[in-house]
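The values are calculated or read from the model by the stated rules, or taken from the named source; none is laboratory data. Computed from a prediction, not measured in an experiment: that's the story for all the values here. Positions of Cβ are generated from backbone atoms using ideal geometry, with glycine treated the same way; all protein chains shown enter the neighbour counts.
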Amino acid sequence: MTVATILLVDSEQVVLEGLRKLLDSFDEFSVVSTALDAASALHALRERRPQIVVTGPTVAGAGGVHAARLIRQDSPHVRIVVLSSNQQPVFMREAFMAGANAYLSRCISGEELHQTLLAVHRDGAALSGAAAGLILQIASGCSPDEGSPLSQLTERERQILSLVADDHETGHIAKYLGISPKTVRNYLSRIYAKLGTPNRVQTTLYAKRFMGQPQPDGAPAVP
């Protein structure tokens, strides 16, 4: 089993200890370091090279959003998950603009956090309906009310969604379309945001329900 490495960042030691104990109880994750401030977080990033950073809304030496921005600038490929009790759209928007891959309430259960981190590690993002709407506006400048979610997809995104609906894995989709698996995952992240679906499973169910059996334009059937 591949284990995803995690860096925890929060200004409260008790929070770090609780999160570490929880995440270390999951077979898929290993907490490789913790940090109380932004400077320590950047040092840990360079020394331990974690795949995921889970950060609180307040970090000593920098606000949580600013810390996320510093982390993104320092390590463009790391996945950033923000845990916050503040669910106001303005704070969510700032976090995503700073480079967050997910924005979660501190009130979620351990299992919800587990599943979200799995989705972030596997697919690159995990978005609630509200967060997906914000991402859509950030990415396209369009209001979610302008047409159906499917109408917001590009031709390539519709191709990939159609293949996902037919239960094709990322590697098969990449080979069929002549692109890399990483590119497919990037497209999937954008599709999740536009459709307001939190993960691949829900996206597949959405596609099966609303796209039906016919292939969309530009997406021929895969043998």
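Among the residues of segment 176-201, just one is part of a helix (DSSP H, G or I), over 17 Å from Ser162 (Cβ atoms) and touching a Leu at 6+ places or on another chain (Cβ under 8 Å), namely Ala193.
For segment 166-187, taking the residues that are closer than 18 Å to Gln202 by Cβ and of a type outside the set (Asp, Glu), the one that is nearest to the chain's Cα centre (by Cα) is identified as Arg185.
If you take the residues in segment 78-114 that are under 22 Å from Asn186 (Cα atoms) and charged (D, E, K, R), which one is modelled with the highest pLDDT?
It comes out as Arg79.
Within segment 2-41, restricting attention to residues that are of a type in the set (Gly, Ala, Ser) and modelled with pLDDT of 90 or more, which residue is surrounded by the fewest Cβ atoms within 10 Å (Cβ to Cβ)? Per the stated criteria, the residue is Ser25. Residues in segment 162-186 that are without any contact (Cβ under 8 Å) to a residue 40 or more places away in the chain and not hydrophobic (A, V, I, L, M, F, W, C): Asp167, Glu169, Thr170, Gly171, Lys175, Gly178, Ser180, Pro181, Lys182, Thr183.
Do we have His168 as modelled with pLDDT of 80 or more, surrounded by 14 or more Cβ atoms within 10 Å (Cβ to Cβ) and not in a loop (DSSP other than H, G, I, E, B) here?
For His168, the condition - modelled with pLDDT of 80 or more, surrounded by 14 or more Cβ atoms within 10 Å (Cβ to Cβ) and not in a loop (DSSP other than H, G, I, E, B) - is not met.
Among the residues of segment 183-202, those identified as out of contact with any Asp or Glu (no Cβ under 9 Å at 6 or more places or on another chain) and over 18 Å from Ala100 (Cα atoms) are Thr183, Val184, Leu195, Val201, Gln202.
Taking the numbered list (1) of a type in the set (A, V, I, L, M); (2) touching a residue at least 60 places away in the same chain (Cβ under 8 Å); (3) farther than 23 Å from Ser85 by Cβ in turn, Ile6 passes all entries but (3).
Summed over segment 65-123, the residues that are within 16 Å of Thr5 (Cα to Cα) and part of a helix (DSSP H, G or I) give a count of 12.
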